[in-house]
Amino acid sequence: MVKGNPLSGVVRAPGDKSISHRALILGALASGETQITGLLEADDVLRTASATRAIGATVEKDGTGEHAVWRASGGDWLPPSRPLYFGNSGTGVRLALGAVAGAGIHATFDGDVSLRGRPMGRVLEPLRMMGIEATAQDGRLPVELHAGHGLKSVSVKLATPSAQVKSAILLAALGAEGKTRVHEPVLCRDHTERMLSAFGVSLTIIPDDCGGRFIEIEGRQKLHACNISVPGDPSSAAFLAAAALIVPHSDVTVKGVLVNPLRAGFYETLKEMGADISFENEREANGERLADIRAKHSVLHGVEVPPARAASMIDEYPILAIVAAYAQGETMMKGLEELRVKESDRIACVEAGLAANGADVRSGPDWLCVKGSNGLSGGARVKTSHDHRIAMSFLVAGLSSENPVEIDDASMIATSFPEFFDLMRQLGCSVSGE
């Protein structure tokens with residue numbers, strides 16, 4: 001993308017990736033037919049759809065575009081005849097590990113080179129406590145999982161704030177005898193709990209008096225099909241909002257975005273930076289809060305983002321770092337150790353890309369600091385390390401840089417946001433070399 005005219009218009013965000021994965025998996029576990037509208041049809045989610053088909057569920061799509069309806073009908077899960085391949089999807093594979101464990105079947109899990117480098121031990125450890133046998137390559141994919149029907153309930157304290165680990169435990173607990181208890185000291189995404197309730201599963205949530213909570217779930221509960229409307233993804237909407245903030249005279253509205261409080265840290269931070277950003281037409285659907293997000297070009301200033309906020313905006317730090325380069329003063333982001341083990345080492349990728357394009361940036365093991373001034377000089381080629389969020393962040397960076405910002409590969413953007421280029425064009429952006 002290249003520097004050009006102000007961005008303006010109204011667009012709709014693609015479906016939320018986290019909720020899309022969960023809708024397919026829970027629909028495949030439930031009795032009856034679950035109808036899903038607004039599903040994100042990106043590579044990551046389509047891998048989850050293929051995996052659920054491979055283990056015995058019926059997953060079909062009717063219609064196209066905004067009128068598409070996905071139908072998932074559960075049944076008895078059976079050992080797949082081949083390894084379940086998840087491409088680059090960490091969410092898909094970790095949730096599926098839990099679901100397969102709870103279903104009591106044997107399966108092998110694999111992914112691409114990037115996914116093979118990401119840690120799976122954090123999920124396998126609690127599953128082994130429940131009685132699962134699993135072999136892995138130094139805690140990484142490929143993973144061979146042997147599950148039986150004698151799973152036992154456990155009490156687990158999450159060592160790292162991770163909705164994926166928590167969700168894997170809760171999904172496995174559906175097949176266990178007795179009550180499983182998960183202690184979540186730092187709150188993270190709660191889509192699994194909300195959606196389990198929609199499918200008729202009973203959970204008990206108890207505050208721990210220190211800002212965290214306990215989640216209790218009885219095993220052997222049955223799921224019953226329901227209809228799911230997937231809201232817009234706030235992590236995808238973040239790129240559109242950020243573009244509006246840094247391009248002079250821009251005014252952009254993104255409709256139907258999920259504004260769950262545990263996913264809104266990025267927008268809270270933008271407001272602290274002085275952003276002209278608002279949630280309009282707030283409403284509720286399927287137990288989740290939605291709003292239309294309106295963002296206008298703003299004069300921004302640096303802030304300190306506390307570690308406690310990291311779980312609510314873990315995927316938005318790369319684009320926040322770009323916004324910070326266009327703000328006045330220093331933005332310090334702490335508590336980012338999880339970024340070291342995402343699709344890439346996102347701290348290292350962001351630091352290298354910003355430095356190459358003229359930013360004053362430095363980092364540590366779990367922090368990143370960007371000192372903004374008059375934006376970016378640009379003119380450099382950024383190595384994305386096959387990370388979709390790094391790619392989109394630096395494309396947005398080029399919209400206001402003095403010289404164009406180039407990335408080495410844009411193909412992986414389809415893993416989470418296949419409509420990215422089309423929506424940017426609708427807002428008035430020029431795309432070069434897509």
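Take region 333-357 and flag every residue that is crowded, with 20+ Cβ neighbours inside 10 Å, small (Gly, Ala, Ser) and within 22 Å of MET273 (Cβ to Cβ).
Answer for region 333-357, where residues must be crowded, with 20+ Cβ neighbours inside 10 Å, small (Gly, Ala, Ser) and within 22 Å of MET273 (Cβ to Cβ): just GLY353.
Report yes if GLY329 is under 24 Å from ILE277 (Cα atoms), out of contact with any Ser or Thr (no Cβ under 7 Å at 6 or more places or on another chain) and among the small types (Gly, Ala, Ser), otherwise no.
The answer is yes for GLY329.
Within region 415-428, can one find any residue that is more than 23 Å from GLY117 (Cβ to Cβ), among the aromatic types (Phe, Trp, Tyr) and not in a loop (DSSP other than H, G, I, E, B)?
yes
Looking at ALA242, ALA237 in this structure, which one is part of a helix (DSSP H, G or I), under 13 Å from the mean Cα position of the chain (by Cα), of a type in the set (Gly, Ala, Ser) and modelled with pLDDT of 95 or more?
Just one listed residue meets the conditions, ALA237.
Looking only at region 184-207, decide whether some residue is over 22 Å from ARG122 (Cβ atoms), open to solvent by 30 Å² or more (accessible area, probe 1.4 Å) and free of Cβ contacts under 8 Å to residues at least 12 places away in the same chain.
yes
Can you pull out the residues in region 129-173 that are part of a helix (DSSP H, G or I), out of contact with any Gly (no Cβ under 9 Å at 6 or more places or on another chain) and open to solvent by 20 Å² or more (accessible area, probe 1.4 Å)?
MET129
Considering every residue within region 199-213, establish whether at least one is among the charged types (D, E, K, R), closer than 30 Å to MET1 by Cβ, under 23 Å from the mean Cα position of the chain (by Cα) and part of a strand (DSSP E or B).
no
Within region 321-349, which residues are within 14 Å of VAL370 (Cβ to Cβ) and touching a residue at least 60 places away in the same chain (Cβ under 8 Å)?
Within region 321-349, ALA321, ILE322, VAL323, ALA325, TYR326 meet the criteria.
Has region 60-83 got at least one residue that is open to solvent by 30 Å² or more (accessible area, probe 1.4 Å) and under 21 Å from the mean Cα position of the chain (by Cα)?
no
What single numbered condition from (1) touching a helix residue (DSSP H, G or I) at 6+ places or on another chain (Cβ under 6 Å); (2) closer than 25 Å to SER432 by Cβ; (3) open to solvent by 40 Å² or more (accessible area, probe 1.4 Å) fails to hold for GLY4?
All conditions pass for GLY4, except number (1).
Go through LEU187, LEU141 for me and flag whichever is within 24 Å of ASP315 (Cβ to Cβ) and in contact with a Phe, Trp or Tyr (Cβ under 9 Å, 6 or more places away or on another chain).
LEU141
What about SER162, is it among the polar types (S, T, N, Q) and at pLDDT 95 or above?
No, not satisfied.
SER385 is checked against (1) in a loop (DSSP other than H, G, I, E, B); (2) open to solvent by less than 40 Å² (accessible area, probe 1.4 Å) and fails just one. What number does that condition carry?
Unmet for SER385, out of (1) in a loop (DSSP other than H, G, I, E, B); (2) open to solvent by less than 40 Å² (accessible area, probe 1.4 Å): (2).
Counting just the residues of region 401-422 that are surrounded by 22 or more Cβ atoms within 10 Å (Cβ to Cβ) and in contact (Cβ under 8 Å) with a residue 60 or more places away in the chain, which one comes out farthest from ARG12 (Cα to Cα)?
Within region 401-422, the match that is farthest from ARG12 (Cα to Cα) is SER401.
Among the numbered criteria (1) closer than 27 Å to ASP276 by Cβ; (2) assigned to a strand (DSSP E or B); (3) without any contact (Cβ under 8 Å) to a residue 24 or more places away in the chain, which one does ASN374 miss?
Of everything listed in (1) closer than 27 Å to ASP276 by Cβ; (2) assigned to a strand (DSSP E or B); (3) without any contact (Cβ under 8 Å) to a residue 24 or more places away in the chain, ASN374 misses just condition (2).
Out of the residues in region 174-183 that are assigned to a strand (DSSP E or B) and more than 24 Å from LEU84 (Cβ to Cβ), state the one that is least open to solvent (accessible area, probe 1.4 Å).
Looking at residues that are assigned to a strand (DSSP E or B) and more than 24 Å from LEU84 (Cβ to Cβ), I get VAL182.
Looking at region 88-105, is at least one residue at pLDDT below 95 and closer than 23 Å to VAL259 by Cβ?
No, region 88-105 has no match at all.
Hey, can you tell me all the residues within region 262-285 that are farther than 23 Å from GLU330 by Cβ, among the aliphatic types (A, V, I, L, M) and buried (at least 17 other Cβ atoms within 10 Å of the Cβ)?
Answer for region 262-285, where residues must be farther than 23 Å from GLU330 by Cβ, among the aliphatic types (A, V, I, L, M) and buried (at least 17 other Cβ atoms within 10 Å of the Cβ): just ALA264.
Taking the stated definitions as given, is CYS226 open to solvent by less than 40 Å² (accessible area, probe 1.4 Å), assigned to a loop (DSSP other than H, G, I, E, B), over 26 Å from VAL396 (Cβ atoms) and not acidic (Asp, Glu)?
Taking the combined requirement at face value, the residue satisfies it.
Regarding GLU288, is this residue under 28 Å from GLY212 (Cα atoms), in contact (Cβ under 8 Å) with a residue 40 or more places away in the chain, touching a Lys or Arg at 6+ places or on another chain (Cβ under 8 Å) and open to solvent by 40 Å² or more (accessible area, probe 1.4 Å)?
Here the answer is no, as GLU288 does not meet what is asked.
The values are calculated or read from the model by the stated rules, or taken from the named source; none is laboratory data. This one's a predicted model, so the numbers in the text were calculated from it and none came from an experiment. Counting neighbours? That spans all protein chains shown, and the Cβs are built from the backbone with ideal geometry, glycine included. Note: areas computed on protein heavy atoms with side chains; ligands, DNA, RNA excluded. Shrake-Rupley method; radii C 1.70, N 1.55, O 1.52, S 1.80 Å.
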